[in-house]
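The values are calculated or read from the model by the stated rules, or taken from the named source; none is laboratory data. Since the structure is predicted, the reported quantities are computational estimates derived from the model, not experimental observations. Cβ: placed from backbone, ideal geometry, glycine included. Neighbour counts: every protein chain shown. Just so you know, the surface numbers come from the protein's heavy atoms only, side chains and all, with ligands and any DNA or RNA stripped out. Shrake-Rupley method; radii C 1.70, N 1.55, O 1.52, S 1.80 Å.
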Amino acid sequence: LQEVEKSQKSLLDQQEERIHLLEMERRRLHNDIQELKGNIRVFCRVRPVLPEESERQRGLQHLHFSPQDPKALVLTRPDESHVGRERRPELRYDFSFDRVFPPGASQQEIFQEIQLLVQSALDGFPVCILTYGQTGSGKTFTMEGPEPAGSPESRGMIPRAVRHLFQSTHDLAGKGWQYRFSASFLEIYNESLRDLLLGKGQRQPDLDIRRVSPGSDELHVPNLTWVPVETEEQVLELLQRAGSQRSVARTGLNDRSSRSHCVFQLRIRGEQQARDLHCASSLTLVDLAGSERLEKSGSVGNRLRETQSINSSLSTLGLVITALCNKEQHIPYRNSKLTFLLQNCLGGNAK
């Protein structure tokens, strides 16, 4: 019996070693695939026409989706001569993205495209997903889902990403990995940071972006609230708490326009004690404030200053992404609080 037990233990050790090597190989291959797809990707989602827009819009005849090419989007418009009599063929604008989602695309279809990126966060890589577009284009719906929390089918990318992470940790627990998660919510309003998870009556602290240590490139926000999370329901509660404190206002383009960039961040800490292995990463999901044209939004006073701040930070984000794509030596992260805050999850080996 002792000989059998010794043999079984040896076999078990060999199998555990094989499982570990296969898991490390899976992580390497998964990362290779993601890098081949591109560490920076752009998806285009077209929202449906809203009921109040149907009279003046009459559908989406100017948008054309190719059933053969899910990466192509064509915009057309009639080309009228200055005289108004001459009829010319309509103008055509061809766009190409990493993926195009037509108005009928569900929240689940969107998440399937970013699910592998979420897996990269669990594997130890910083991941950042941003929704960008004009005010009223559906960014908050995509990220969070309807408010208050609607049906499971309509839930946004944040609760879906968290659910995927929690489910994946159960599988990895069988391979000896244990994970801890903590979440924060903040908004960047007029170039100042605001904690969205403070309890009622708590005084808003002065928040700023600091280096973790003098010799480190890693950034953090001292005094920011971090809440340990273990379930999707806990994250939905945080979403509701943060949403009730976010800066919104009525503009000429949107009855409830987000006037700030909302940044949800999930810290991920993993360890495998038997082999003394550790990994640390972050998943950052950003609901950017909507861009606006001043002449259309009718912004004045505080709304005008908000719009100018929003457009300026979005322009800086565009410059940073362009510099990263071109592999330039200088990346202008410090030109806005938004890009400075996201520096760790935009550059380096981030996705």
> Pairs, please: C-beta under 9 Å, at least 6 apart or cross-chain, first residue closer than 13 Å to Arg45 by Cα and open to solvent by less than 90 Å² (accessible area, probe 1.4 Å) and in the range 90-102, second β-branched (Val, Ile, Thr) and not in a strand (DSSP E or B)?
Replying inline: Phe97/Val42; Asp98/Val42; Arg99/Val42; Val100/Val46; Phe101/Val46; Phe101/Ile110; Pro102/Val46
>> If I go through the range 49-82 residue by residue, how many of them are at pLDDT 80 or above, in contact with a Pro (Cβ under 9 Å, 6 or more places away or on another chain) and charged (D, E, K, R)?
In response: 0
> Taking the range 237-252 on its own, how many of its residues are at pLDDT below 85 and either closer than 17 Å to Glu187 by Cα or among the aromatic types (Phe, Trp, Tyr) (or both)?
Replying inline: 7
> Taking Asp255, is it modelled with pLDDT of 80 or more and either farther than 19 Å from Leu338 by Cβ or among the small types (Gly, Ala, Ser) (or both)?
Replying inline: no
> Any idea which residue in the range 208-236 is most open to solvent (accessible area, probe 1.4 Å), counting only those that are in contact with a helix residue (DSSP H, G or I) (Cβ under 8 Å, 6 or more places away or on another chain) and not β-branched (Val, Ile, Thr)?
Replying inline: Glu230
> Scanning the range 318-351 for residues that are part of a loop (DSSP other than H, G, I, E, B) and touching a residue at least 60 places away in the same chain (Cβ under 8 Å), which turns out surrounded by the most Cβ atoms within 10 Å (Cβ to Cβ)?
Replying inline: Leu342
>> Of all residues being crowded, with 23+ Cβ neighbours inside 10 Å and part of a loop (DSSP other than H, G, I, E, B) in the range 274-292, which is modelled with the lowest pLDDT? Just the residue, please.
In response: Glu292
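Every residue in the range 113-139 that is within 17 Å of Leu50 (Cα to Cα) and in a loop (DSSP other than H, G, I, E, B), please.
Just the residues of the range 113-139 that are within 17 Å of Leu50 (Cα to Cα), to begin with: 133-139.
If the condition is that a residue be within 17 Å of Leu50 (Cα to Cα) and in a loop (DSSP other than H, G, I, E, B), then Gly133, Thr135, Gly136, Ser137, Gly138 are the ones that fit.
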> Is it the case that some residue within the range 35-52 is over 24 Å from the mean Cα position of the chain (by Cα) and either in contact (Cβ under 8 Å) with a residue 60 or more places away in the chain or assigned to a strand (DSSP E or B) (or both)?
Replying inline: no
>> Which numbered condition in (1) outside any helix (DSSP H, G or I); (2) at pLDDT below 90 is the only one that Leu304 fails?
In response: (1)
> Which one of these is open to solvent by 70 Å² or more (accessible area, probe 1.4 Å), assigned to a helix (DSSP H, G or I) and among the polar types (S, T, N, Q): Gln68, Gln15?
Replying inline: Gln15
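So which residues in the range 172-191 are open to solvent by 50 Å² or more (accessible area, probe 1.4 Å), more than 19 Å from Gln272 (Cα to Cα) and either charged (D, E, K, R) or assigned to a strand (DSSP E or B) (or both)? First the steps, then the outcome.
Our first condition is that a residue be open to solvent by 50 Å² or more (accessible area, probe 1.4 Å); within the range 172-191, this holds for 174-175, 178, 180, 189-191.
Restricting the remaining residues to those that are more than 19 Å from Gln272 (Cα to Cα) gives 189-191.
Within the range 172-191, Tyr189, Glu191 meet the criteria.
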> Does the range 183-218 hold any residues that are aliphatic (A, V, I, L, M) and touching a strand residue (DSSP E or B) at 6+ places or on another chain (Cβ under 6 Å), and which are they?
Replying inline: Ala183, Leu186, Ile188, Leu193, Leu196, Leu197, Leu207, Ile209, Val212
> Does Ser315 satisfy the condition of being open to solvent by less than 20 Å² (accessible area, probe 1.4 Å) and at pLDDT 90 or above?
Replying inline: no
>> Kindly evaluate Arg194 against the criterion of being under 20 Å from the mean Cα position of the chain (by Cα) and without any contact (Cβ under 8 Å) to a residue 60 or more places away in the chain.
In response: no
> Take the residues of the range 158-171 that are modelled with pLDDT of 90 or more and open to solvent by 40 Å² or more (accessible area, probe 1.4 Å): which is nearest to Ser282 (Cα to Cα)?
Replying inline: Arg163
> In this structure, is Ile110 open to solvent by 10 Å² or more (accessible area, probe 1.4 Å), touching a helix residue (DSSP H, G or I) at 6+ places or on another chain (Cβ under 7 Å) and in a strand (DSSP E or B)?
Replying inline: no
>> Tell me yes or no: at least one residue of the range 74-81 is open to solvent by 70 Å² or more (accessible area, probe 1.4 Å) and among the β-branched types (Val, Ile, Thr).
In response: no
